[in-house]
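Chemist: Dropping the structure in here first, questions after.
The values are calculated or read from the model by the stated rules, or taken from the named source; none is laboratory data. Please read all numbers here as calculations on a predicted model, not as lab measurements. With ideal geometry, Cβ positions are generated from the backbone for all residues, glycine too; neighbour counts draw on all protein chains shown. Note: areas computed on protein heavy atoms with side chains; ligands, DNA, RNA excluded. Shrake-Rupley method; radii C 1.70, N 1.55, O 1.52, S 1.80 Å.
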Amino acid sequence: MAAPVLRCCCSGRRWAFACIDRGSRHGRGAPTGSWFCGKRGQRSVAQQLLSAAQKLRKGEHEWTAVVGLEIHAQISSNSKLFSGSKVHFAAPPNSLVSFFDASLPGTLPVLNRRCVEAAVMTGLALNCHINKKSLFDRKHYFYADLPAGYQITQQRLPIAVNGSLAYSICTGKKQSQVISKTVRIKQIQLEQDSGKTLHDDFRSQTLIDLNRAGIGLLEVVLEPDMSCGEEAATAVRELQLILQALGTSQAIMADGQLRVDANISVHHPGEPLGVRTEVKNLNSARFLAKAIDYEIQRQIKELENGGEILNETRSFDYKLGCTVPMRDKEGKQDYRFIPEPNLPPLVIYDSASLPANADPQQVINIDRIREQIPELPSVTREKLVQQYGMLPEHSLTLLNEVGLLEFFQNVIKETRAEPKKVTSWVLNTFLGFLKQENLAVSESPVTPSALAELLNLLDRKAISSAAAKQVFEELWRNEGKTPAQIVSEKQLELMQDREALEQLCHAVMEEHPQVVMDMKKGNPRAINKLIGLVRKATLNRADPTAMFHVPPPDAEAEPVEADGRERHTPASPHPDPAPRVLPPRDQQRRP
Amino acid sequence: MLGRTLREVSAALKQGQITPTELCQKCLSLIKKTKFLNAYITVSEEVALKQAEESEKRYKKDHSLGYLDGIPVAVKDNFSTSGIETTCASNMLKGYVPPYNATVVQKLLDQGALLMGKTNLDEFAMGSGSTDGVFGPVKNPWSYSKQYREKRKQKLHGENEDSHWLITGGSSGGSAAAVSAFTCFAALGSDTGGSTRNPAANCGVVGLKPSYGLVSRHGLIPLVNSMDVPGIFTRCVDDAAIVLGILAGHDPKDSTTIQDPIKPFMLPNLTDVSKLCIGIPKEYLVPELSSEVQSLWFKAANLFESGGAKVIEVSLPHTSYSSVCYQVLCTSEVASNMARFDGLEYGHRCDIDVSTEAMYAATRQEGFNDVVKGRILAGNFFLLKENYENYFIKAQKVRRLIANDFVNVFNSGVDVLLTPTILSEAIPYVEFIKEDNRTRSAQNDIFTQAVNMAGLPAVSVPVALSEQGLPLGLQFIGRAFCDQQLLTIAKWFEKQVQFPVIQLQELIDDHQSFKMKS
């Protein structure tokens, strides 16, 4: 396993650390930002970490972190794994509980076919070997929201094994370097979800809601092939996209449909793996990354200070931004596994092994499920790159943001603008606005059609790109108006009368002979000044590019076309006096 | 009327010789008279009378639902019955009223059967005497039979007869006693290691353990899921076949039931046994076997032989490991199955509320008897990570060997095995309790438990009375899912032996007056 060596960490963007590959030793400073999103009261910890990192930089005590994940994804199904109760999020407490879910004595589990199909499809999409025969086991522990005193799971022989999950990490200064990584999947097992426990401290009661009890889960076990929070979070995000593409899980972390436990240890390269800790119940990608990175640093610090790591279960305190040990009782248990005697072995067929007289309703055929697998995110991204000449990191962002790809595709459908232009507008302008206001794509006040229309106006040079930004801002603020209406109301259309523009340009040049002289001497600012003056005179309606092509009144003063177009052509936003509509760059979220 | 078989009384109902309500009232009255047997935990008088009324309407319209319409039946109190308390003879489930019917109960009701009540058992069916339930022991009706009392009178003079009442065997002793004492015509038991066949033999009735997977376990509060089978008590083999025909078949609620369609179990009258091969397992000839049962067993073998059947000695070499293997597997599943009884969703809950864990502990301490607690502790020990390989896995392997023993024997051409059901006739309660539950269970299950491990059908048939005037039974073991063949052979045998009817009536009256005196 080629685990990167954690030597130091860059300041936190959204997912805190960057992982630095062993090869890239170009110096980065000690972490400048804190990992705690600027929370106060953490400085001392941050400083301790900083000193640990400084020590590491000397190269004497390099540490490798090893991260494995156990991911629980709620299966998207109409009924529960072993009972006919409906599966529905946010139903009134205990309204979706069958006799089996409440563990009434004498009730028996009946396996839900849909859940098996979801597991097989997920296994296939994750390159797993599907076990033609798998078994169910009982895992025992006493907990108030586990009515039977055991959970039915697949401990001995799970439904799918030996798969892999490929994901891509963006690194480099501008996050523009895309590195492909793979994490092995140990197994996927079917199991029951537990109910929910609510502690009412005020009345000192415990309240139990069994709506969730018995919902089908896919437990996906990722081998410890990751080495930092960002890798783990990115792998989880990729898995989430795959599950959503398959429709096997809605996989919304905020709703608890995707929950992650992380196993973390650190060791010196070349030495045996260290003692691991388990951080449980991480329910957002951000906390997952933070918790892992915190835990890695905590372990390193602990070991460097001569301490030892306990094999324990910890939880992440998102308010304090650190991991804390969970109660011992919950940590170490003997689960006393036993085969589930009420469920015969789960037998799955492929087209070759399918019995001739089998009732299609009674058997599950791996090959038929394989045929039903929809396009996976990696293929979608590949297509985007191929079809639209998009950069890989842009394709990552398009898929990572919920609904963004669909938005993009809808804009593409309705506009004549270049795909690259659309990509840039969607990923920079549109996404920037969303992030600034912390909105989801579905909450955007600007529809794909409106953006498409705006880009059409831009494409046929009806407006300048500066004006387009202005129109976009108007669209964002004033719902209901079309881009054309805004352009016309605000008189933003470009002067289409080329002759008039030429006259205007000549008049300005005549009025400012000194500036013209400067320009001729090669002062690059001079032409910008002239352009600015023309634009001012036209209330920003003059097209800077068109102006550039205005022939000088004096034929000898051939402009810069040949040698300096690149240099002198104003990069679109640069000379733009239009109001600044983008959020400050450092606040933008990058893939 | 009450002494008749199910089939006979069914015919009587059809012919209008008696109405379902009259029959129901007769049984209810007898249940009251035999209350001292402690066969029933709950008598569902109102339910039964209402069902009888419905049945009567059907008979009047000539719309009878079949053999079971209007027939009083009893159900062991570990089958869930909607609206009727289901206790498993445990404090843990006192007051627990299930909201649903076990599939087998529902099937009986769908056929118009009258549910007389829920019968007594060892707590959670853990025992072989029906002596270890929270509602007290069940008394064997034969203790009060004319046949037994007359023999005892010759032996004992002036001793307190009532203190020498006999156990029914278990754990389905209540159901066996209910059928034996004529309070119903059929009863459901459960059979995990012999819990139906053992009390059947003790009480002189037919006790059938069907093939595992033939009859739904849904609603049966489990002891050992991989061995539990609903059992059937009747007065004759034909009746058992009728009830099995109704109960058998796939249940979508029990994934371990077989999918194949089931034909009704109609037993032909076998006239010729010359094509049969009867196996006599030599390992079942144990020193503890009473000489009476042994000679009965050999007589039975001779009976087949003289009928022209081939009777051969066969070997089931792993029999001696059965008991210890059963203990590991049984207690392990018990530990798991009992985990749900935590006082939260249903059943007993203690008053302690300092913490959830303390509540669990006290609830389980108060709710279970020592037998149950002992098995839970043993099972959890076997399932510990460090013990799992050495105990549970080994026991599973031994179970496979035991099952294979039967497969080998049947593959060699044997049709059924003929064995004793239990070691001896029923013994007095005072004798029985001299040994603890575990010892007794191990002793009494030796001929029956291997069958459960192999999932085979087996039936105990009453054969003759002992010198003391007590019933003795023998067991037939069949191939998996060859229940009909098994019962056909048992029926032929039953006809040959002509087991006497228990003479109970006057002695019940006697006992009543005796009770009143004391």
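Chemist: Can you find a residue that is free of Cβ contacts under 8 Å to residues at least 24 places away in the same chain, away from chain A (no Cβ under 14 Å) and more than 28 Å from A:Ser103 (Cα to Cα) anywhere in region B:67-79?
Modeler: For region B:67-79, residues free of Cβ contacts under 8 Å to residues at least 24 places away in the same chain, away from chain A (no Cβ under 14 Å) and more than 28 Å from A:Ser103 (Cα to Cα): absent.
Chemist: Scan B:Leu285, B:Leu267, B:Leu276, B:Leu220 and give me the residue that is more than 14 Å from chain A (Cβ to nearest Cβ) and under 23 Å from B:Asp110 (Cα atoms).
Modeler: B:Leu267
Chemist: Shifting gears a bit: For region B:329-350: of the residues being acidic (Asp, Glu) and either open to solvent by 10 Å² or more (accessible area, probe 1.4 Å) or more than 8 Å from every other protein chain (Cβ to nearest Cβ) (or both), which is farthest from B:Met126 (Cα to Cα)?
Modeler: Among those residues, the one meeting the criterion is B:Glu345.
Chemist: Follow-up. Give me the residue from region B:351-371 that is at pLDDT 95 or above and assigned to a loop (DSSP other than H, G, I, E, B) and, out of that set, nearest to the other protein chains (Cβ to nearest Cβ).
Modeler: B:Phe368
Per-residue answers, yes or no, for (1) at negative phi; (2) modelled with pLDDT of 80 or more; (3) assigned by TED's automatic domain parsing to the domain that holds A:Leu454:
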site	(1), (2), (3)
A:Glu489	yes, yes, yes
A:Ala507	yes, yes, no
A:Lys521	yes, yes, no
A:Val534	yes, no, no
A:Asp576	yes, no, no
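Chemist: Can you name the residue in region A:536-555 that is small (Gly, Ala, Ser) and part of a helix (DSSP H, G or I) and, of all such residues, is modelled with the lowest pLDDT?
Modeler: At the first step, the residues of region A:536-555 found to be small (Gly, Ala, Ser) are A:537, A:542, A:546, A:555.
Filter once more, so that each one left must be part of a helix (DSSP H, G or I): A:537, A:546.
Values: A:Ala537: 74, A:Ala546: 69.
Looking at the filtered set, the residue picked out is A:Ala546.
Chemist: Among what's in region B:218-246 and is open to solvent by less than 10 Å² (accessible area, probe 1.4 Å) and of a type in the set (D, E, K, R), pick the residue that is farthest from the chain's Cα centre (by Cα).
Modeler: If we take residues in region B:218-246 being open to solvent by less than 10 Å² (accessible area, probe 1.4 Å) and of a type in the set (D, E, K, R), then B:Asp239 is farthest from the chain's Cα centre (by Cα).
Chemist: Output the residue which, of all residues in region A:252-269 that are at pLDDT 95 or above and among the small types (Gly, Ala, Ser), is surrounded by the most Cβ atoms within 10 Å (Cβ to Cβ).
Modeler: A:Ala262
Chemist: Open to solvent by less than 50 Å² (accessible area, probe 1.4 Å) and of a type outside the set (A, V, I, L, M): is that true of B:Tyr321 in this structure?
Modeler: When the stated conditions are applied, B:Tyr321 does not pass them.
Chemist: Something else now. Quick one: in region B:382-399, of everything that is more than 21 Å from B:Leu316 (Cα to Cα) and in contact (Cβ under 8 Å) with a residue 24 or more places away in the chain, which residue is nearest to the other protein chains (Cβ to nearest Cβ)?
Modeler: The selected residue is B:Leu383.
Chemist: Let me ask something else about it. Which count do you get for residues in region A:127-140 that are within 13 Å of chain B (Cβ to nearest Cβ) and out of contact with any Phe, Trp or Tyr (no Cβ under 6 Å at 6 or more places or on another chain)?
Modeler: Total satisfying the criteria: 2.
Chemist: If you don't mind, there's one more thing I want to ask. Out of A:Gly123, A:Gly41, A:Gly84, A:Gly68, which single residue is crowded, with 22+ Cβ neighbours inside 10 Å and either at pLDDT 95 or above or more than 14 Å from chain B (Cβ to nearest Cβ) (or both)? Outline the logic, then answer.
Modeler: Values: A:Gly41 fails: crowded, with 22+ Cβ neighbours inside 10 Å; A:Gly84 fails: crowded, with 22+ Cβ neighbours inside 10 Å; A:Gly68 fails: crowded, with 22+ Cβ neighbours inside 10 Å.
On inspection, the qualifying residue turns out to be A:Gly123.
Chemist: If you go through region A:141-173, how many residues are within 14 Å of another protein chain (Cβ to nearest Cβ) and open to solvent by less than 30 Å² (accessible area, probe 1.4 Å)?
Modeler: Count: 10.
Chemist: Still on this structure: Anything in region B:381-395 that is more than 17 Å from A:Gln333 (Cβ to Cβ), among the hydrophobic types (A, V, I, L, M, F, W, C) and open to solvent by 90 Å² or more (accessible area, probe 1.4 Å)? List them, or say none.
Modeler: Matches in region B:381-395: none.
Chemist: Please identify the pairs in which a residue from region A:377-389 that is free of Cβ contacts under 8 Å to residues at least 12 places away in the same chain has its Cβ atom under 8 Å from the Cβ atom of a residue that is aliphatic (A, V, I, L, M) and open to solvent by 30 Å² or more (accessible area, probe 1.4 Å), counting only partners at least 6 apart or on another chain.
Modeler: A:Val385/A:Leu391
Chemist: While we're looking at this one, here's another question. Going through region B:377-417 one residue at a time, which ones are assigned to a helix (DSSP H, G or I) and among the charged types (D, E, K, R)?
Modeler: B:Lys385, B:Glu386, B:Glu389, B:Lys394, B:Lys397, B:Arg399, B:Arg400, B:Asp405
Chemist: Out of (1) facing chain A (nearest Cβ under 10 Å); (2) within 30 Å of A:Ala102 (Cα to Cα); (3) not in a loop (DSSP other than H, G, I, E, B), the odd one out for B:Gly374 is which?
Modeler: (1)
Chemist: I need the full set of residues from region A:337-357 which are within 14 Å of another protein chain (Cβ to nearest Cβ), assigned to a loop (DSSP other than H, G, I, E, B) and open to solvent by 30 Å² or more (accessible area, probe 1.4 Å), in order please.
Modeler: A:Phe337, A:Pro344, A:Pro345, A:Pro355, A:Asn357
Chemist: Any residue at all in region A:327-336 that is hydroxyl-bearing (Ser, Thr, Tyr), under 38 Å from the mean Cα position of the chain (by Cα) and within 14 Å of chain B (Cβ to nearest Cβ)?
Modeler: Looking for residues that are hydroxyl-bearing (Ser, Thr, Tyr), under 38 Å from the mean Cα position of the chain (by Cα) and within 14 Å of chain B (Cβ to nearest Cβ), one finds at least one in region A:327-336, hence yes.
Chemist: Among the residues of region B:1-46, how many are assigned to a loop (DSSP other than H, G, I, E, B) and not polar (S, T, N, Q)?
Modeler: Count: 7.
Chemist: Could you list all residues from region A:126-173 that are small (Gly, Ala, Ser), touching a residue at least 60 places away in the same chain (Cβ under 8 Å) and not in a strand (DSSP E or B)?
Modeler: A:Ala144
Chemist: For region B:346-364, which residues satisfy the criterion of being charged (D, E, K, R) and touching a Ser or Thr at 6+ places or on another chain (Cβ under 6 Å)?
Modeler: Looking only at region B:346-364, we keep the residues that are charged (D, E, K, R), and these are B:349, B:351, B:353, B:357, B:364.
Once the filter is applied, which keeps residues that are charged (D, E, K, R) and touching a Ser or Thr at 6+ places or on another chain (Cβ under 6 Å), region B:346-364 yields only B:Arg349.
Chemist: Please work out if A:Ser103 is among the polar types (S, T, N, Q), touching a Lys or Arg at 6+ places or on another chain (Cβ under 6 Å) and at pLDDT 50 or above.
Modeler: yes
Chemist: Then there is this: Give the residue that is nearest to the other protein chains (Cβ to nearest Cβ), with candidates limited to residues of region B:243-257 that are small (Gly, Ala, Ser) and closer than 14 Å to B:Leu208 by Cα. Let's see the steps before the verdict.
Modeler: First pass over region B:243-257, keeping only residues small (Gly, Ala, Ser): B:245, B:248-249, B:255.
Filter once more, so that each one left must be closer than 14 Å to B:Leu208 by Cα: B:245, B:248.
Values: B:Gly245: 23, B:Ala248: 17 Å.
Among them, the one singled out is B:Ala248.
Chemist: Another question, if that's okay. I need the helices (runs of 4 or more DSSP H) fully contained in region A:372-424, keeping only those with at least 2 residues that are open to solvent by 80 Å² or more (accessible area, probe 1.4 Å) and out of contact with any strand residue (DSSP E or B) (no Cβ under 9 Å at 6 or more places or on another chain). Don't jump to the end; show me each part of the working.
Modeler: Values: elements: A:377-388, A:392-400, A:404-414, A:419-424.
Where helices (runs of 4 or more DSSP H) fall fully within region A:372-424 and carry at least 2 residues being open to solvent by 80 Å² or more (accessible area, probe 1.4 Å) and out of contact with any strand residue (DSSP E or B) (no Cβ under 9 Å at 6 or more places or on another chain), they are A:377-388, A:404-414, A:419-424.
Residues checked against (1) surrounded by fewer than 20 Cβ atoms within 10 Å (Cβ to Cβ); (2) within 14 Å of chain A (Cβ to nearest Cβ); (3) touching a strand residue (DSSP E or B) at 6+ places or on another chain (Cβ under 8 Å); (4) without any contact (Cβ under 8 Å) to a residue 12 or more places away in the chain:
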site: B:Gln259; (1), (2), (3), (4): yes, yes, no, yes
site: B:Val293; (1), (2), (3), (4): no, no, yes, no
site: B:Ala309; (1), (2), (3), (4): no, no, yes, no
site: B:Glu313; (1), (2), (3), (4): yes, no, yes, no
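Chemist: For region B:111-131, check the following and say yes or no: at least one residue is open to solvent by 10 Å² or more (accessible area, probe 1.4 Å), under 27 Å from B:His63 (Cα atoms) and in contact with a His (Cβ under 8 Å, 6 or more places away or on another chain).
Modeler: No, because not a single residue in region B:111-131 is open to solvent by 10 Å² or more (accessible area, probe 1.4 Å), under 27 Å from B:His63 (Cα atoms) and in contact with a His (Cβ under 8 Å, 6 or more places away or on another chain).
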